[in-house]
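So the structure is just underneath, and the comments pick up after that.
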Amino acid sequence: MRSQNMANLLKPFAQSEDPEIAFPQSVGIETPEVEVLYREIFRDLDEKVFGIGWWAPHPGTSRRILISNYLLECVRSIRTNLTEAALHLLEAGITGTRKVTSWRIVSQWIGTVSHL
(Lines give C-alpha, C1' and ligand atoms only; values in the text may rest on other atoms or scores of the structure.)
Protein backbone atom coordinates (compact mmCIF):
# COMPACT_ATOMS: atom_id res chain seq x y z
CA MET A 1 0.00 0.00 0.00
CA ARG A 2 1.28 3.46 -0.85
CA SER A 3 2.26 5.71 2.05
CA GLN A 4 -0.26 8.42 1.07
CA ASN A 5 -3.05 5.82 1.06
CA MET A 6 -1.98 4.59 4.48
CA ALA A 7 -1.87 8.16 5.80
CA ASN A 8 -5.41 8.71 4.52
CA LEU A 9 -6.60 5.58 6.34
CA LEU A 10 -4.90 6.59 9.60
CA LYS A 11 -6.55 10.02 9.62
CA PRO A 12 -9.16 10.16 12.43
CA PHE A 13 -12.78 10.90 11.63
CA ALA A 14 -14.48 14.00 12.94
CA GLN A 15 -16.93 13.48 15.80
CA SER A 16 -19.77 14.58 13.52
CA GLU A 17 -18.92 12.00 10.83
CA ASP A 18 -20.73 8.68 10.63
CA PRO A 19 -18.00 5.97 10.49
CA GLU A 20 -20.31 3.84 8.31
CA ILE A 21 -20.01 6.52 5.63
CA ALA A 22 -16.67 8.17 6.47
CA PHE A 23 -14.52 5.04 6.22
CA PRO A 24 -15.76 4.01 2.77
CA GLN A 25 -15.24 7.61 1.61
CA SER A 26 -11.66 7.50 2.89
CA VAL A 27 -10.94 4.69 0.41
CA GLY A 28 -12.84 6.39 -2.41
CA ILE A 29 -16.22 4.69 -2.11
CA GLU A 30 -19.25 6.91 -2.40
CA THR A 31 -22.58 5.20 -2.88
CA PRO A 32 -25.33 7.82 -2.72
CA GLU A 33 -27.58 5.80 -5.04
CA VAL A 34 -27.29 2.75 -2.80
CA GLU A 35 -28.14 4.87 0.25
CA VAL A 36 -31.24 6.18 -1.53
CA LEU A 37 -32.28 2.63 -2.48
CA TYR A 38 -31.80 1.46 1.12
CA ARG A 39 -33.96 4.29 2.46
CA GLU A 40 -36.67 3.59 -0.13
CA ILE A 41 -36.83 -0.09 0.79
CA PHE A 42 -36.74 0.77 4.50
CA ARG A 43 -39.69 3.14 4.03
CA ASP A 44 -41.65 0.31 2.39
CA LEU A 45 -41.43 -1.78 5.57
CA ASP A 46 -44.83 -1.94 7.23
CA GLU A 47 -45.35 -2.66 10.93
CA LYS A 48 -48.95 -3.78 10.42
CA VAL A 49 -48.48 -6.40 7.71
CA PHE A 50 -44.78 -6.98 8.50
CA GLY A 51 -42.11 -6.72 5.86
CA ILE A 52 -42.54 -4.79 2.64
CA GLY A 53 -46.14 -3.67 2.90
CA TRP A 54 -47.18 -3.67 -0.73
CA TRP A 55 -46.17 -7.34 -1.06
CA ALA A 56 -48.95 -8.38 1.37
CA PRO A 57 -50.62 -10.83 1.57
CA HIS A 58 -47.97 -12.69 -0.40
CA PRO A 59 -45.73 -14.66 0.17
CA GLY A 60 -47.06 -15.17 3.70
CA THR A 61 -46.07 -13.25 6.82
CA SER A 62 -43.00 -15.18 7.92
CA ARG A 63 -41.59 -15.41 4.39
CA ARG A 64 -42.34 -11.75 3.72
CA ILE A 65 -40.45 -10.77 6.89
CA LEU A 66 -37.49 -12.96 5.95
CA ILE A 67 -37.32 -11.85 2.30
CA SER A 68 -37.79 -8.17 3.21
CA ASN A 69 -34.97 -8.35 5.72
CA TYR A 70 -32.76 -10.22 3.26
CA LEU A 71 -33.38 -7.63 0.54
CA LEU A 72 -32.60 -4.78 2.92
CA GLU A 73 -29.38 -6.43 4.11
CA CYS A 74 -28.30 -7.21 0.52
CA VAL A 75 -28.52 -3.52 -0.32
CA ARG A 76 -26.72 -2.63 2.91
CA SER A 77 -23.87 -5.00 2.03
CA ILE A 78 -23.12 -3.26 -1.29
CA ARG A 79 -21.19 -0.46 0.44
CA THR A 80 -19.35 -2.97 2.65
CA ASN A 81 -18.35 -5.15 -0.29
CA LEU A 82 -17.19 -2.19 -2.38
CA THR A 83 -15.18 -0.90 0.58
CA GLU A 84 -13.49 -4.26 1.03
CA ALA A 85 -12.76 -4.41 -2.70
CA ALA A 86 -11.24 -0.91 -2.56
CA LEU A 87 -9.02 -1.98 0.34
CA HIS A 88 -7.80 -4.99 -1.64
CA LEU A 89 -7.04 -2.73 -4.60
CA LEU A 90 -5.17 -0.32 -2.35
CA GLU A 91 -3.14 -3.18 -0.92
CA ALA A 92 -2.33 -4.32 -4.44
CA GLY A 93 -1.33 -0.77 -5.38
CA ILE A 94 -3.86 -0.62 -8.21
CA THR A 95 -5.70 2.60 -7.38
CA GLY A 96 -4.24 6.08 -7.51
CA THR A 97 -4.43 8.80 -4.92
CA ARG A 98 -7.53 10.45 -6.39
CA LYS A 99 -10.97 9.65 -5.13
CA VAL A 100 -12.73 7.19 -7.35
CA THR A 101 -16.36 6.22 -7.58
CA SER A 102 -17.42 2.71 -6.70
CA TRP A 103 -18.19 1.98 -10.36
CA ARG A 104 -14.75 3.19 -11.43
CA ILE A 105 -13.16 0.85 -8.88
CA VAL A 106 -15.18 -2.08 -10.19
CA SER A 107 -14.39 -1.32 -13.83
CA GLN A 108 -10.72 -0.80 -12.97
CA TRP A 109 -10.69 -4.16 -11.21
CA ILE A 110 -12.39 -5.86 -14.18
CA GLY A 111 -9.79 -4.34 -16.49
CA THR A 112 -6.98 -5.57 -14.23
CA VAL A 113 -8.40 -9.07 -14.04
CA SER A 114 -8.82 -9.28 -17.81
CA HIS A 115 -5.10 -8.51 -18.21
CA LEU A 116 -4.00 -11.36 -15.92
* Structure fact -> Filtering region 6-35 for residues that are within 20 Å of the chain's Cα centre (by Cα) and more than 28 Å from GLU73 (Cα to Cα) leaves a count of 1
* **Hits in region 59-75 - residues which are more than 18 Å from LYS48 (Cβ to Cβ) and among the β-branched types (Val, Ile, Thr)** => VAL75
* Asked: Can you find a residue in region 51-73 that is more than 15 Å from the chain's Cα centre (by Cα) and acidic (Asp, Glu)?
  -> no
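Report the residue count in region 10-48 for those that are surrounded by 13 or more Cβ atoms within 10 Å (Cβ to Cβ) and either in contact (Cβ under 8 Å) with a residue 40 or more places away in the chain or not aromatic (Phe, Trp, Tyr) (or both). Let's see the steps before the verdict.
Pass one, region 10-48, residues surrounded by 13 or more Cβ atoms within 10 Å (Cβ to Cβ): 13, 17, 21-31, 34-35, 37-38, 41-42, 44-46.
After this cut, where a residue has to be either in contact (Cβ under 8 Å) with a residue 40 or more places away in the chain or not aromatic (Phe, Trp, Tyr) (or both) as well, the list is 17, 21-31, 34-35, 37, 41, 44-46.
The total comes to 19.
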* Determine, yes or no, whether GLU84 is under 17 Å from LEU9 (Cα atoms), among the acidic types (Asp, Glu), modelled with pLDDT of 75 or more and in a helix (DSSP H, G or I). => yes
* Asked: Just checking, how many residues over region 17-46 are closer than 11 Å to THR83 by Cβ, of a type outside the set (Ser, Thr, Tyr) and in a loop (DSSP other than H, G, I, E, B)?
  -> 4
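The values are calculated or read from the model by the stated rules, or taken from the named source; none is laboratory data. Please read these numbers as outputs of a predicted model, since none were measured by experiment. Here the Cβ is made from the backbone with ideal geometry for all residues, glycine too, and neighbour counts use every protein chain on show.
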